[in-house]
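The values are calculated or read from the model by the stated rules, or taken from the named source; none is laboratory data. Computed from a predicted structure; not experimentally measured. Neighbour counts are summed over all protein chains in view; Cβ atoms, including those assigned to glycine, are modelled from backbone coordinates with ideal geometry. Areas reflect the complete protein model, heavy atoms only, side chains present, ligands, DNA and RNA absent. Shrake-Rupley method; radii C 1.70, N 1.55, O 1.52, S 1.80 Å.
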Amino acid sequence: MNYYKIYPNNLSFRRIFQMLIIVILLFSSCSTMRTIPIEVATLPKERIPNEIQSLTLINRAANSRFKDFRGDSLQQVFYQRQFNVDTVLLDLKASDTLLIALGNILFESGRFDVVIPENRFPNINSYRYIPTALSWEEADSLVHVYNTDAILSLDYFNHHLVTKYRRMSVFNQSSNDFFPVYMADITIAYETMFRIYYPFEKRLISNIVVSDTLYWEDSDLDIRDLFKRFTTVKGALIEAGIHAVLNYSEKIAPQWSTSQRNYFAKGHPMLERAHQLVTLNDWQGASDLWKKLAGSSPKSLKSKAEFNLALAYEMFGDIEEAIRWALKSYETMYRPVTYNYIERLNIRKQEIAQP
């Protein structure tokens, strides 16, 4: 019987074998790693001095011109005017919601402790359009009463509101007839000014104006259905205030986002024990174990421990030390994951160093 025996080309076989070895090494390397989500801060554009760790929030914009409009009554006024209104509305509730929301966001950022006094409207009986700057005697009194470092004051608040309603006739080709469509929209142009007073140095730390324009629009074949679901005037005023808070908080407080980090969790009993500590959020305990490995291990294990220590120091907030350990790991044994991590740490270092 005749038959053919096929021998693989030696060069192709070697290449395939080499690729297989690389894949096996990569798979075994990656399998020793774990990925965890961490919260990474994007630092604000305007840096508040570190001496200021706590703020008393007050609303100096609200004066006698501000009214606490009831939502249903306010809506009825707009209906009576056919929902075609162009006016400035100074709503006390909207300005107060802004202040409370700002306090919550600043506190959640982890950057500031916040106090919002019950008596937070010092100018409620004033007729002044824009309040003069807070006197240092007043500022000093407030920080002593509420045991904070500085005063964050809403010193100006304005909502220019335009509402429109119209009825349009649309031709229906299938019925060869016209039918009505009801349309409504709300436009709010807001402007706010926030100041931070630091009485210890008698210095105005920050004076920021935040302004923008928001727009709502909807339509329906039934006018009742349209206004049942359409944003109310009161709701739009409050939403505009929240929008101003989000814009302002980005300027003075860190913004947190979730990022992914890798670390070596297998390959040695101490790595596995440290992994258990990481799951318990005990980074100090884990770093103690990694330091022992980094001091007395073979190169492969040593570089893994050094890599993990870089992550630990990033978690501690010490980016310089994190970079130092990442470089040590890179010098001990080259790994692509280490190179990528060093790049990421250097980007964070540059962001922190920005004025």
Discussion item. For Cα pairs less than 8 Å apart in space and 6+ apart in sequence, what is the mean separation divided by the residue count of the chain, i.e. the relative contact order in percent?
Written reply: 19 percent
Practice prompt. Would you mind counting up the charge near Asp68? Only other residues with Cβ under 9 Å from its Cβ, with Lys and Arg at +1 and Asp and Glu at -1.
Written response: +1
Worksheet, complete the sentence: In nm², the average projected area of the convex hull spanned by the Cα atoms of segment 140-232 is 9.0 nm²
Item to complete: State, as an integer percentage, the relative contact order of segment 257-355 based on alpha-carbon contacts under 8 Å between residues 6 or more apart.
Response: 20 percent
Discussion item. Check which residues have an amide H placed less than 5 Å from Arg261's amide H, if you skip close sequence neighbours.
Written reply: Ile36, Ile38
Worksheet item: Taking θ as phi - 60°, what are the ³J(HN,Hα) couplings along segment 166-180 by the Karplus curve (6.51, -1.76, 1.60), each to the nearest whole Hz, with x for Gly and Pro?
Response: 8, 10, 10, 9, 10, 7, 9, 5, 5, 9, 6, 8, 9, 9, x
Discussion item. If you filter segment 256-355 for chymotrypsin sites (Phe, Trp or Tyr not before Pro), then keep DSSP loop positions with at most 13 other Cβ within 10 Å, what is left?
Written reply: Tyr334
Response to the item:
FRET efficiency for Asn281 and Ile208 from the Cβ-Cβ distance with R0 = 35 Å, rounded to 0.05, comes out at 0.45
Discussion item. How much length would be gained if the chain were fully extended between Val77 and Gln53, taking 0.36 nm per residue of separation minus their Cα-Cα distance, in nm to one decimal?
Written reply: 4.2 nm
Worksheet item: Near Ser259, within a Cβ-to-Cβ distance under 12 Å, what is the net charge of the other residues, with Lys and Arg +1 and Asp and Glu -1?
Response: +1
Worksheet item: Tell me, what HN-Hα J-couplings in whole Hz come from the Karplus equation 6.51 cos²θ - 1.76 cosθ + 1.60 at θ = phi - 60° for each residue of segment 337-351, using x for Gly and Pro?
Response: 5, 5, 4, 5, 5, 4, 4, 5, 5, 5, 5, 4, 4, 5, 5
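Segment 107-137: which GluC sites (Glu not before Pro) are DSSP loop and have at most 12 other beta-carbon atoms within 10 angstrom? Kindly include the intermediate steps, with their values, before the conclusion.
Working: sites: Glu108, Glu118, Glu137; in loops: Glu118.
Sparse-neighbourhood loop GluC sites (Glu not before Pro): Glu118.
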Item to complete: Tell me which residues come under 5 Å, amide H to amide H, from Met33 once H is placed; ignore anything under 5 positions away on its chain.
Response: Ala265
Practice prompt. Specify the angular offset, from 0 to 90 degrees and rounded to the nearest 10, of the alpha carbon long axis of helix 269-279 from the longest principal axis of the alpha carbons in the chain.
Written response: 10 degrees
Discussion item. At 222 nm, what value in deg cm²/dmol follows for the chain if DSSP H runs of at least 4 each add -39500 (n - 2.57) and the sum is divided by all its residues, to the nearest 500?
Written reply: -15000 deg cm²/dmol
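Report the Stokes-Einstein translational diffusion coefficient (µm² s⁻¹, integer) for segment 59-114, Rh taken as the Kirkwood radius over Cα pairs, at 37 °C with viscosity 0.692 mPa s. Before the final figure, lay out each step's value.
Numbers: Rh = 13.4 Å.
It diffuses with D of about 244 µm²/s by this estimate.
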Worksheet entry | Gain upon complete extension [Asp318, Lys67; 0.36 nm per residue less C-alpha separation] | 85.4 nm
Item to complete: Sort out the exposed loop trypsin sites (Lys or Arg not before Pro) in the chain (DSSP loop, at most 13 other Cβ within 10 Å) and tell me the longest stretch that has none.
Response: 203-355
Response to the item:
Reduced to Cα centres, the span from segment 299-355 to segment 243-293 in Å works out to 13 Å
Discussion item. If I compute solvent accessible area with a 1.4 Å probe over the protein chains, what percent of it on the chain is carbon and sulfur?
Written reply: 54 percent
Worksheet entry | D_trans [Stokes-Einstein, Kirkwood Rh over alpha-carbon pairs] for segment 199-355, 4 °C, 1.567 mPa s, µm² s⁻¹ | 65 µm²/s
Worksheet, complete the sentence: For Arg203, other-chain or 5+-apart residues with amide H closer than 5 Å (H placed, Pro excluded) are Tyr198
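Express the accessible area of segment 48-151 per residue in Å², computed with a 1.4 Å probe while the remaining protein chains stay in the model. Let's see the in-between values first.
Numbers: 5600 Å² over 104 residues.
Value returned for segment 48-151: 54 Å² of accessible area per residue.
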